[in-house]
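Read through the structure below, which is laid out as structure tokens, and then see the notes.
Where a number appears in this text, it was derived from the coordinates with a stated rule and is not lab data. Treat the numbers as computed from the prediction; the structure is a model and nothing was measured. Neighbour counts run over all protein chains shown; Cβ positions are idealised from the backbone, glycine included.
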């Protein structure tokens, strides 16, 4: 309770005190960057989303009511921002995709494997998931969010979240089985 009161006091101070705003940004910066990177596979886009999320967090801090931890509150803002940025980038790429030849696209580089026995890294499998499935899977398994929390953050029903989680897990299982059956190794 004392921590939440201290967080609320710090957030209120952010309205007029640059030191408080700086303290909030330093405290939450790495967490927001990790969360955005987990949700958005491309580094440039995830960095942009993290910066936008931190700006939103700092600007919204005076409105923080202290009903949860500052980190949980910031996570919700970061997730919403990351989803918005990913959606905007996807729409922008659809508009310009006709101008790009498939041979001009860079192949993704190799990434470290998360576990032995899995042909590719977890990140490589996540990159192949549709955005909606990737988001709920990361929020649930990486961030530890409950189904109701994910529904609130993403703006969809709890049943939709459950369906996306099940579909994402099954899709990853199929990809791993396919790679194991074909002895595929790669990024």
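Structural remarks
- Segment 140-165 and segment 1-56 have Cα centres separated by 22 Å.
- Taking the fewest neighbouring Cβ atoms within 10 Å as the starting point, the ordered list for 52, 180, 139, 70 is 180, 52, 70, 139.
- Residue exposure sequence - 165, 35 - by fewest surrounding Cβ within 10 Å: 165, 35
- Expressed per residue, the C-alpha convex hull volume of segment 120-187 stands at 68 Å³.
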